[in-house]
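**Student:** First the structure, then my questions, so here it is.
The values are calculated or read from the model by the stated rules, or taken from the named source; none is laboratory data. What you see is a predicted model; the values in this text were computed from it and never measured. Note that each Cβ is placed from the backbone with ideal geometry, even for glycine, and that neighbours are counted across all protein chains shown. What goes into the accessible areas is simple: the full protein's heavy atoms, side chains included, and nothing from ligands, DNA or RNA. Shrake-Rupley method; radii C 1.70, N 1.55, O 1.52, S 1.80 Å.
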Amino acid sequence: MSEVLALGVSHKTAPVELRERLALPAGPSEAFLGDIVAGADVDEAVAISTCNRTEVYLVAADPVAAETAALGMLARRGGIRPTELAPSIYALRNCDAARHLYRVSSGLESMIVGETEVLGQVKRAYEGALAAGSTGPLLNRLFHAAIATGKRVRTETAIGERHLSISSVAVALARDVLGDLADRHVVVLGAGETSELAARALAERGVTTIFVANRRRDRALALASRFGGEAVRLEHLPDELERADIVVAATSSPHPIVTAEELALVMRRRAGRPLLLIDLAVPRDVEAECRGLPGVTLRDIDDLEAVVRRNRSVREAEAEHAVEIVEEEIQVFAGWLGSLDVLPTVSALQAHGRAIAEGVVEENAGRWESASPRDRDRAAAMARAVATRLLHDPTLHLKRRDDGRAHGRIELLRELFGLDDEAAPATAEGEPAEVHPLPRRAESRGR
């Protein structure tokens with residue numbers, strides 16, 4: 001029986017120093033998914049990697065083996081031992097895994113509750129897995145349902161009002177540190193969605209931005225045109241750093257863009273002018289050692305938490321409504337998940353009962369010397385009837401699908417009756433059951 005497993009780290013369980021080592025941007029993510037489904041332990045896989053989380057959703061017949069395989073692959077990617085990674089990892093199964101994904105899609109697990117970016121990130125992660133050929137019927141259903149749930153939460157609640165995002169909070173942080181931003185010179189590293197949101201938040205405060213990007217040069221030019229800024233290539237970054245008051249870094253580079261050695265040279269040319277760097281990237285774009293340079297104020301994604309806390313109370317009531325929607329949708333998914341294995345489990349349970357009944361009759365066949373063939377047939381029928389009646393109520397409970405707990409009942413029943421064992425014993429102790437000889441029928445004695 002296949003199960004769903006979610007394995008990951010987030011801003012709630014691991015600092016950015018660990019999250020960046022486990023990050024799975026588009027190319028490495030597809031390679032990771034290809035490798036994990038190529039093994040014997042995992043049938044389907046989708047990976048989500050954002051600034052706040054790296055999560056892998058798996059389908060496997062043996063979730064313990066799948067968890068071990070995925071944990072080992074993540075640990076190797078991060079260059080650490082699995083035992084060191086384990087305390088920061090959360091592992092969820094079946095409906096708990098689905099509930100977590102629904103909450104992620106709805107913005108309930110984000111650093112900024114209700115933030116608008118995460119639903120698109122989940123959708124792109126699923127599309128990437130489709131392209132990699134690592135999904136299947138179960139994860140297809142799960143991700144379609146999770147994305148639909150995220151859309152429903154945004155339609156039926158005000159959890160996303162004010163359109164708060166990591167980028168807008170970063171701009172609020174800059175305003176807290178520097179005051180009025182209108183006359184500040186701002187450099188944005190990158191031309192992705194986070195950079196666009198940062199530029200929009202800055203434009204609302206009268207700030208024009210310089211976009212620095214190489215790989216997405218056309219995109220940088222388009223953003224610069226939209227927000228009245230400029231776009232330059234990465235080789236001109238030192239000159240832009242010399243002029244900047246604020247740097248917002250949000251690329252998908254696997255390596256730092258701004259190193260401490262290079263920034264130290266820039267700061268000497270700035271003649272003591274302070275520089276604020278806000279690094280929203282995971283992996284980080286700015287070396288952590290830059291924090292110790294004179295005149296440099298460096299904030300990374302985890303430093304935004306204080307600003308986030310001030311906005312959290314605004315959305316708490318809407319978050320409660322969002323949780324209710326998630327729970328409604330989870331019941332639908334749980335019913336579907338349970339239905340996948342109801343009929344096979346009912347068949348396996350009935351076959352298990354018949355096998356026990358037939359085994360008991362056969363084991364005692366030699367003890368009924370005086371029984372006629374008809375008596376033996378009646379004994380076999382009686383044994384089967386006892387097994388059928390004994391399993392009647394468990395079968396009825398198993399088929400109940402209106403309360404969203406079918407999958408849990410299936411797991412419990414299969415465990416209690418040993419339906420997943422290769423060879424279940426006929427009796428509790430594995431010994432032949434003792435059956436006393438049948439008494440002779442009265443009509444036989446009278447003949």
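**Student:** Report the extension gain between ALA158 and ALA40 in nm, rounded to one decimal, defined as 0.36 nm multiplied by the number of residues separating them, less their alpha carbon distance.
**Tutor:** Fully extending the segment from ALA158 to ALA40 adds 38.0 nm.
**Student:** How much accessible surface area, in Å² rounded to 10, belongs to the heavy atoms of PHE227 with a 1.4 Å probe?
**Tutor:** Spelled out: PHE227, probe radius 1.4 Å, area about 40 Å².
**Student:** In what sequence, largest accessible area first, do ASP96, ASP285 appear using a 1.4 Å probe?
**Tutor:** ASP96, ASP285
**Student:** Another question about this same structure. Using a basic spin-label model with each label point 7 Å from the Cα along Cα→Cβ, how many nm lie between ASP239 and ASP183?
**Tutor:** 2.5 nm
**Student:** List the residues, sorted by chain then number, that are 5 or more residues from LEU298 or on another chain and whose placed amide H is less than 5 Å from its amide H.
**Tutor:** Long-range HN contacts for LEU298: LEU277.
**Student:** For labels at ASP375 and TYR90 in the simple 7 Å Cα→Cβ model, what's the distance in nm?
**Tutor:** Spacing of the two 7 Å Cα→Cβ label points: 6.5 nm.
**Student:** Compute the accessible area per residue over the stretch 1-79, keeping the other protein chains in place, probe 1.4 Å, unit Å².
**Tutor:** Result: 34 Å² per residue.
**Student:** Right, another one. Just to confirm, what accessible area per residue do you get for the stretch 161-292 at 1.4 Å probe, in whole Å²?
**Tutor:** Details: 5980 Å² over 132 residues.
Spelled out: the 1.4 Å probe surface of the stretch 161-292, per residue, equals 45 Å².
**Student:** Another question about this same structure. Could you run the Karplus curve 6.51 cos²θ - 1.76 cosθ + 1.60 with θ = phi - 60° over the stretch 45-61 and give me ³J(HN,Hα) per residue in whole Hz, x for Gly and Pro?
**Tutor:** Ordered by residue, 3J(HN,Hα) equals 7, 9, 10, 10, 9, 10, 5, 9, 7, 10, 9, 10, 9, 10, 10, 8, 6 Hz.
**Student:** Here's something else I'd like to know. So what are the ³J(HN,Hα) numbers for the stretch 145-154, from phi and the Karplus equation (6.51, -1.76, 1.60; θ = phi - 60°), rounded to whole Hz, Gly and Pro as x?
**Tutor:** Using θ = phi - 60°, the values come out as 5, 5, 5, 4, 5, x, 5, 5, 4, 6 Hz.
**Student:** At a 1.4 Å probe radius, which order do TYR102, TYR90 fall into by accessible area, largest first? All intermediate terms of the calculation are to be shown ahead of the outcome.
**Tutor:** Working: TYR102 0, TYR90 35 Å².
Result of the area sort, largest leading: TYR90, TYR102.
**Student:** Would you list ARG268, ARG354, ARG200 from the most to the least accessible area, probe 1.4 Å? Please report the intermediate quantities before stating the final value.
**Tutor:** Working: ARG268 165, ARG354 115, ARG200 95 Å².
Output order, biggest surface exposure first: ARG268, ARG354, ARG200.
**Student:** For the stretch 60-147, what relative contact order do you get, as a whole percent, if you take Cα pairs closer than 8 Å and at least 6 residues apart?
**Tutor:** 21 percent
**Student:** Apply the Karplus parameterisation 6.51 cos²θ - 1.76 cosθ + 1.60, with θ equal to phi minus 60°, to every residue of the stretch 123-128 and state each ³J(HN,Hα) to the nearest whole Hz, in sequence, with x for glycine and proline.
**Tutor:** Per residue, the Karplus-derived 3J(HN,Hα) values read 4, 5, 4, 5, 4, x Hz.
**Student:** Continuing with the same structure: By the gyration tensor of its Cα atoms, with a ≥ b ≥ c the square roots of the eigenvalues, what is the shape of the stretch 133-235: rounded for a/c under 1.5, prolate for a/b over b/c, or oblate? The partial results should precede the final answer.
**Tutor:** Numbers: a/c = 3.09, a/b = 1.57, b/c = 1.97.
Here the stretch 133-235 falls in the oblate category.
**Student:** Turning to a different aspect of this structure: Could you work out how much longer the chain between ALA222 and ARG367 gets when fully extended? Use 0.36 nm per residue separation minus the Cα distance between them, nm to one decimal. Kindly include the intermediate steps, with their values, before the conclusion.
**Tutor:** Values: separation 145, 0.36 × 145 = 52.20 nm, distance 8.97 nm.
Length difference between fully extended and current span is 43.2 nm.
**Student:** Ok, one more. What's the carbon and sulfur percent of the stretch 10-67's accessible surface, probe 1.4 angstrom, rounded to a whole number?
**Tutor:** Details: 1040 of 2010 Å².
About 52 percent, which is the carbon plus sulfur part of the accessible surface.
**Student:** Please list, in chain and number order, the residues 5+ apart from ALA249 or on another chain whose amide H is under 5 Å from its amide H, with Hs placed from the backbone.
**Tutor:** LEU189, ILE278, ASP279, LEU280
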